[in-house]
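The structure appears below as C-alpha cells.
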There are 2 protein chains.
Amino acid sequence: MDTRRLSLNQITVNSWSLEQAVAGCERHEIGAVALWRDKIAAAGLPRAAKLVREAGLRVSSVCRGGMFTDPAADPAAVLDDNRRAVEEAAELGADTLVLVCGPLVDKDLPGARTRVRDGIAALLPHAAAAGVRLAIEPLHPMMISVRSVVVSIGQALDLVEELEPAHPGHLGVIVDAYHVWWDPALEQQLQRATGKVFGYHVSDWLPGTSDLLLDRGIMGDGLMDLPKLSAQVAATGFDGPVEVEILSSRWWAEDPDDVLRLVRKRFEEFV
Amino acid sequence: MDTRRLSLNQITVNSWSLEQAVAGCERHEIGAVALWRDKIAAAGLPRAAKLVREAGLRVSSVCRGGMFTDPAADPAAVLDDNRRAVEEAAELGADTLVLVCGPLVDKDLPGARTRVRDGIAALLPHAAAAGVRLAIEPLHPMMISVRSVVVSIGQALDLVEELEPAHPGHLGVIVDAYHVWWDPALEQQLQRATGKVFGYHVSDWLPGTSDLLLDRGIMGDGLMDLPKLSAQVAATGFDGPVEVEILSSRWWAEDPDDVLRLVRKRFEEFV
C-alpha cells in the first residue's frame, strides 16, 4: 500500500512520548498519527493539539473511549469519562474516537453486551453534537476478559445498524486485522459495511504467538493475507489513513526509529 | 449436572498413563473416559480396549483425528493416519472420533479450510464403514496457527450440513465450552444443531488467563455460565457423557486424585 496512507498508531513506539512520536512522524515522512489518551494527558491536551497541527499531521484516531461493561461502575461516571474522550478527539480534530467496549468481569456475558449497547446509545448524542465519529473496535475473542466483549465485525455492525440511524454518520466500526482475520464470516460481514468502516489497523499474527496481548508481528512476519483484507476494506468505501498498531514487547525493546523504517517498508510490501 | 454424566478427558490427568487413568475413574466412580492417541499407543491398542472394557468404562471419544491443513503433506498419508484413528475408535467402542482440523501454516486461510473440507469428505466413508462417528471440534480462534482453522460452531455446522447427508449420522460437532463460549452467534447456531452435537466438553475461562494453550480453569473458577450452555446443548438432543477437559500447567502439577475430587464437586455445582 502507498505509504502516503500510513498512520502511526502511537502504541507501536510505546517508549516515545507524544512529542517524540510527532517528531518521529516528521522524520519518517508519516502523514498521520493515532494518539492514546494517556500520552495526550502526559503532554497536555492543548499542547498535543498544537503539536499535531504545527506538524501538519492528520489524527486518524484517538484511543480510546468505551469500557462500558463493569456492573459495579456508575453509568454516569462512565459516560463522563467518555464525554471527555469525545472532547479530546474534537480538540485534536481526530477522524474518529475508538471504542474498546470493555471486558467481561462476571458470568453475565449477555448483560455485559447490553451495557455496551446502552453505553454507546448514551454517548452517541454527545459525540454527534461535538462532531466526533465513534468507531466500535471488535477485539480478538481471547481478550474478552481483559478488553472487550465485542469480538467480531458482525457483532459490531449489529450495534451500528441499531444505533446509528438516530445520529447518521456518527457510529461505525474499526477493522483491526489482528482482531478479526480468523473470522470465517469476515468477508461476508464486510459486504454489509459500506460506509460504516471508520478505520483500518494492520499488524500480523505470528505463527508461534506466545502472548495474549503483547506479541503482535510486523506486517509480513506472520500468517495474514493483508492485501486481500485491504481490498475488502477498500470495497466498503474506506480510503482513510491505515494505522500500524503493533503491541509487542519484542519490538518495544528495539530503537523506535529502526522500527519505523521497517514499518514503512513492510507497509509498502505487505499491506 | 449429575456426576453420572461425567467423563474424564484423559488430558485432565496428563501425568497418568492410560492404565492409571482407568484405575482413577474406578476409584472416583467416573463412568466414562476420553482417550488420547499417544496414551493409547503407549498402552497398546488391544490392552487399552481390554482395560476399558473390563472396567466397564464408556469411551466418550478418542482424541484425535484431523490435521488436514498442511499443504506440504501428502493427502494419502493424512488419510492413512486418520483411518488408523478411525480403527482405534472402533476397537475402543468410542462414541466418536474428535477431529482437530489443523492449523494455518501459510497465508492461505481459505485454502487451508478447503483442505479441511476435502480431508473430512475423504475420511467420512471409511468412518461410516467402520461404524465410527466423526465430530468436528471448533477450537478457539487464538489457536488458529497451532491447532485449527475451524473456529466456530457455525463454521463446523456448515461442514456437517454439506458433508453429512452422504453418510447420515456419521458427522457432527463437539461443543467445547472453552473454545466457543465467547461467540455472539453461539446460541443461534446451536438452534440449528439438533442431532448434530456428538460431544460436550467443559472447563472454565480464567479472568486473567495467561497462556494460549495450558491455562484452562476448573469449572466455577472462571467466567463461563456453564449451566446456561448446558441447557442449550441439551436442547439439541445431546444427552451423552460430558467431558471435563482441562489443559493446565497449574493443575497438571497437582496430585491427579485431588484434581478428580475437585472436578467431581465442581461438575455437580457448576455444569
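Some values worked out for this structure:
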| item | result |
| --- | --- |
| Test for A:PRO141: is it within 23 Å of B:ARG113 (Cα to Cα), open to solvent by 20 Å² or more (accessible area, probe 1.4 Å) and within 9 Å of chain B (Cβ to nearest Cβ) | no |
| Search result, residues across the stretch A:255-270 that are open to solvent by 10 Å² or more (accessible area, probe 1.4 Å) and in contact with a strand residue (DSSP E or B) (Cβ under 9 Å, 6 or more places away or on another chain) | A:ARG264, A:ARG266, A:GLU268, A:PHE270 |
| Selection count where residues are within 23 Å of B:SER7 (Cα to Cα), in contact with a strand residue (DSSP E or B) (Cβ under 9 Å, 6 or more places away or on another chain) and among the aliphatic types (A, V, I, L, M), scope the stretch B:157-205 | 9 |
| Any hit, the stretch A:13-32, residues being among the polar types (S, T, N, Q) and assigned to a helix (DSSP H, G or I) | yes |
| The lone exception for A:LEU92 - which of (1) touching a strand residue (DSSP E or B) at 6+ places or on another chain (Cβ under 8 Å); (2) open to solvent by 40 Å² or more (accessible area, probe 1.4 Å); (3) over 19 Å from A:THR12 (Cα atoms) it fails | (2) |
| Cross-chain or 6+ apart pairs with Cβ under 6 Å, the stretch A:167-185 first and over 14 Å from A:GLY222 (Cβ atoms) and touching a residue at least 60 places away in the same chain (Cβ under 8 Å), then in a loop (DSSP other than H, G, I, E, B) and open to solvent by 20 Å² or more (accessible area, probe 1.4 Å) | A:GLY172/A:LYS196 |
| Residue among A:GLY222, A:GLY199, A:GLY208, A:GLY172 that alone is touching an Asp or Glu at 6+ places or on another chain (Cβ under 6 Å) and of a type in the set (Gly, Ala, Ser) | A:GLY222 |
| Which listed residue, of A:LEU79, A:LEU97, is of a type in the set (A, V, I, L, M), under 29 Å from B:ASP183 (Cα atoms) and in contact (Cβ under 8 Å) with a residue 40 or more places away in the chain | A:LEU79 |
| Options A:ALA135, A:ALA128, A:ALA156: the member that is open to solvent by less than 10 Å² (accessible area, probe 1.4 Å), farther than 17 Å from B:VAL180 by Cβ, among the hydrophobic types (A, V, I, L, M, F, W, C) and away from every other protein chain (no Cβ under 12 Å) | A:ALA135 |
| Tally of residues being away from chain A (no Cβ under 11 Å), open to solvent by 10 Å² or more (accessible area, probe 1.4 Å) and either under 18 Å from the mean Cα position of the chain (by Cα) or aromatic (Phe, Trp, Tyr) (or both) across the stretch B:168-189 | 2 |
| Residue check for B:GLY119: small (Gly, Ala, Ser), modelled with pLDDT of 95 or more, open to solvent by less than 40 Å² (accessible area, probe 1.4 Å) and assigned to a helix (DSSP H, G or I) | yes |
| Among residues of the stretch B:136-167, those that are under 19 Å from the mean Cα position of the chain (by Cα) and more than 22 Å from B:TRP205 (Cβ to Cβ), counted | 5 |
| Residues (in contact with a helix residue (DSSP H, G or I) (Cβ under 8 Å, 6 or more places away or on another chain), part of a helix (DSSP H, G or I) and open to solvent by 10 Å² or more (accessible area, probe 1.4 Å)) located in the stretch A:33-50 | A:ARG37, A:LYS39, A:ALA42, A:ALA43, A:LEU45, A:PRO46 |
| Subset tally (residues that are over 20 Å from the mean Cα position of the chain (by Cα) and surrounded by 14 or more Cβ atoms within 10 Å (Cβ to Cβ)) for the stretch A:56-70 | 1 |
| Subset of the stretch A:189-213 (residues that are free of Cβ contacts under 8 Å to residues at least 40 places away in the same chain and more than 26 Å from A:ASP95 (Cβ to Cβ)) | A:LEU206, A:PRO207, A:GLY208, A:THR209, A:SER210, A:ASP211 |
| Filter pass, A:ARG4 being free of Cβ contacts under 8 Å to residues at least 12 places away in the same chain and either surrounded by fewer than 16 Cβ atoms within 10 Å (Cβ to Cβ) or polar (S, T, N, Q) (or both) | no |
| Restricting the stretch B:52-109 to residues that are hydroxyl-bearing (Ser, Thr, Tyr) and not in a strand (DSSP E or B), the residue that is nearest to the other protein chains (Cβ to nearest Cβ) | B:THR69 |
| B:SER148 vs. criteria within 11 Å of another protein chain (Cβ to nearest Cβ), open to solvent by less than 20 Å² (accessible area, probe 1.4 Å) and within 21 Å of B:GLU88 (Cβ to Cβ) | yes |
| Condition check for A:LEU163: among the hydrophobic types (A, V, I, L, M, F, W, C), touching a helix residue (DSSP H, G or I) at 6+ places or on another chain (Cβ under 9 Å) and either farther than 24 Å from B:SER148 by Cα or open to solvent by 10 Å² or more (accessible area, probe 1.4 Å) (or both) | yes |
| Selection from the stretch B:191-248 of residues that are surrounded by fewer than 18 Cβ atoms within 10 Å (Cβ to Cβ), more than 14 Å from every other protein chain (Cβ to nearest Cβ) and among the polar types (S, T, N, Q) | B:GLN191, B:THR194 |
| Selection status of B:ALA73, aliphatic (A, V, I, L, M), surrounded by fewer than 17 Cβ atoms within 10 Å (Cβ to Cβ) and out of contact with any Cys (no Cβ under 6 Å at 6 or more places or on another chain) | yes |
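The values are calculated or read from the model by the stated rules, or taken from the named source; none is laboratory data. In this text the structure is predicted, and so the values were computed from the model without any measurement. Neighbour counts run over all protein chains shown; Cβ positions are idealised from the backbone, glycine included. The protein model used for the area step is the full one, side chains on, heavy atoms only, and it has no ligands, DNA or RNA in it. Shrake-Rupley method; radii C 1.70, N 1.55, O 1.52, S 1.80 Å.
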